[in-house]
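Readers should treat all values here as calculations from the given coordinates under stated rules, not as data from a laboratory. Quick caveat: nothing in here was measured; it's all calculated off a predicted structure. All Cβ positions, even for glycine, are placed from backbone atoms using ideal geometry, and neighbour counts span all protein chains on display.
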Amino acid sequence: MRADLVPDDLWERAAPLLPPAPERRRRHPGRLRVPDRAALAGALYLLRTGVAWRDVPAEIVGCSGVTAWRRLRDWTEADVWPRQHTELLAELRKADPLEMDDCAIDSSTSGPSKTSQGAKRSSRLLGRGW
C-alpha cells in the first residue's frame, strides 16, 4: 500500500472510529480479512483519481476496489462518517480555529442514510478535509 494514501496521522484519527472486525469462523474461516487501512486507501485512491471501483489497482492500495467499496458501505451503515465529522468539529472547536460567522449548512451532512445516496454523501465527506 502506498503510504501517502493513508498517512499515519489520518489513520490514527480514523482507526478508533471504525467498527471492530467480525470474528472469523473456526471451522471454515475463509480468506483473511483485508486490513481496514488498505480498504480506506482504496476509497481514497478512488476519490483522488476518479477511477471506477473496478479500476482501483489492488497492487497499489492493498485490496480490490470491490473490497474497498464493501468496507466503505459497511462503515457508512455503521455511521462512521457522522461520528468522524463530530469528532473533527470538536477538535477544531477545542483549538478555536472555527469562525462560526462564516459557516454554512449543507444538507449532505444532515444525518445518516442507509441508501446508496447516503454512501455518495459519505464519500463526498470522506474526500473533504482529509
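Taking 12 Å as the cut-off, the amide N atoms of the range 1-38 that come nearer than this to a point 7 Å along the Cα-to-beta-carbon line of Ala90 belong to 17. Using the alpha carbons alone, the radius of gyration of the range 1-55 stands to its Kirkwood radius in an Rg to Rh ratio of 1.05. Were the residues from Arg2 through Ala52 laid out at 0.36 nm apart, the gain over their Cα-Cα distance would be 16.1 nm. Sequence-ordered 3J(HN,Hα) estimates for the range 66-81 from the Karplus curve with 6.51, -1.76 and 1.60 and θ = phi - 60° stand at 5, 5, 4, 4, 4, 5, 4, 4, 4, 5, 5, 5, 8, 6, 5, 5 Hz, glycine and proline given as x.
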